[in-house]
1. Considering segment 43-79 alone, what residues qualify as being of a type in the set (D, E, K, R) and under 16 Å from the mean Cα position of the chain (by Cα)?
2. Do the conditions hold for residue 286, that is, is it in a helix (DSSP H, G or I), buried (at least 21 other Cβ atoms within 10 Å of the Cβ) and of a type outside the set (Lys, Arg)?
3. Is it true that residue 246 is in contact with a strand residue (DSSP E or B) (Cβ under 9 Å, 6 or more places away or on another chain), at pLDDT 95 or above and of a type in the set (Lys, Arg)?
4. Among 153, 109, 114, 135, which is surrounded by 14 or more Cβ atoms within 10 Å (Cβ to Cβ) and more than 25 Å from residue 71 (Cα to Cα)?
5. Quick check on residue 20: is it of a type in the set (Ser, Thr, Tyr), in contact with a Lys or Arg (Cβ under 8 Å, 6 or more places away or on another chain) and within 26 Å of residue 95 (Cα to Cα)?
6. In segment 156-190, how many are surrounded by fewer than 20 Cβ atoms within 10 Å (Cβ to Cβ) and assigned to a strand (DSSP E or B)?
7. Does segment 77-84 contain any residue that is under 17 Å from residue 29 (Cβ atoms), assigned to a helix (DSSP H, G or I), of a type in the set (A, V, I, L, M) and in contact with a strand residue (DSSP E or B) (Cβ under 6 Å, 6 or more places away or on another chain)?
8. If a residue has to be surrounded by fewer than 17 Cβ atoms within 10 Å (Cβ to Cβ) and among the β-branched types (Val, Ile, Thr) to count, how many in segment 5-27 make the cut?
Amino acid sequence: MTSGTVDAAAAGTWRLGDLTVNRLGFGAMRLTANADGGPSDRERVLTVLRRAVDLGVNHIDTAAFYFSPLRSANELINRALAPYPKDLVVATKVGPGKDPSGQWLPPARPEQLRGQVEQNLRELGRDHLDLVNLRVHGTESIGERFAALARLRDAGLIRHLGVSNVTVDQLTEAQSIAPVVCVQNRYGVDTRRHDDLLRLCGQRGVAFVPFFAIAGTGREAGAGHGDDDEVRAVARAHRASTAQVRLAWTLRQGPHVLAIPGTGNPDHLVANVAAAALSLSDDELARLGAVPPG
């Protein structure tokens, strides 16, 4: 399904604070390495980033810890897109971190978050970050860490704040400290354990930004091998890919739901953006909504 004009704007827009983005965005996680773990083709992924912007993508999600031995997602974004278009929103994440060899470090303490923010600023070539999400692991209080980011926002290093991988209680705690413009949690056709959080975000005017919306239960391994028969059937009916159906379903979960599919493949990029215009019937949505969780 790629016929007609391909434009990320076909899915509509949402406001992240005072920043308006098309609801179909782009995730940078898959830019740095191929599926086999080898380094991505630098020129190819630079082309993907530039083509994404040409297709109307104005919301890119990244992180300093998206790197491989030879590639850094932030530096690729900087190389491809700087000077940045005025309407482009680049969101990043802090909390987790890796050492130079790629080994995960313990989650950052509140006093370490400034260093992570400054690393993103350096790599992206920015004097402030449009949106920083605090990535959380576990159900403990996030108040001290979120308050540290709120102080960096007050200092002008960050424009807007979000949270990632959180519970309802953690979102509420963060909102008691500073405005939250988005929540990033794992969510998809077959991974719907955050339905309550999705609904709450809609009620509170907060964007809900699923990760692994295409990959589903495949997570980092990617999509394809685990698609339910119902997903395949809907895809056949529309002459679309199962990835496009997953994205279209995601976007129909509410006007506040954004999508950030990622790829290093130019053809997959065009197909993903084309999903912004894929219209699913109420019956198809109900059938997909009945897919059992993986």
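1. 61
2. So residue 286 does not fit the description; no.
3. Yes: the conditions hold for residue 246.
4. Just a single option satisfies the conditions, and that option is 153.
5. So residue 20 fails the test.
6. Summing the residues that are surrounded by fewer than 20 Cβ atoms within 10 Å (Cβ to Cβ) and assigned to a strand (DSSP E or B) in segment 156-190 gives 2.
7. no
8. Residues in segment 5-27 being surrounded by fewer than 17 Cβ atoms within 10 Å (Cβ to Cβ) and among the β-branched types (Val, Ile, Thr): 3 in total.
The values are calculated or read from the model by the stated rules, or taken from the named source; none is laboratory data. The structure presented is a predicted model; accordingly, all values stated were derived computationally and were not measured. So basically every Cβ, Gly included, is an ideal-geometry build from the backbone, and we count neighbours across all protein chains shown.
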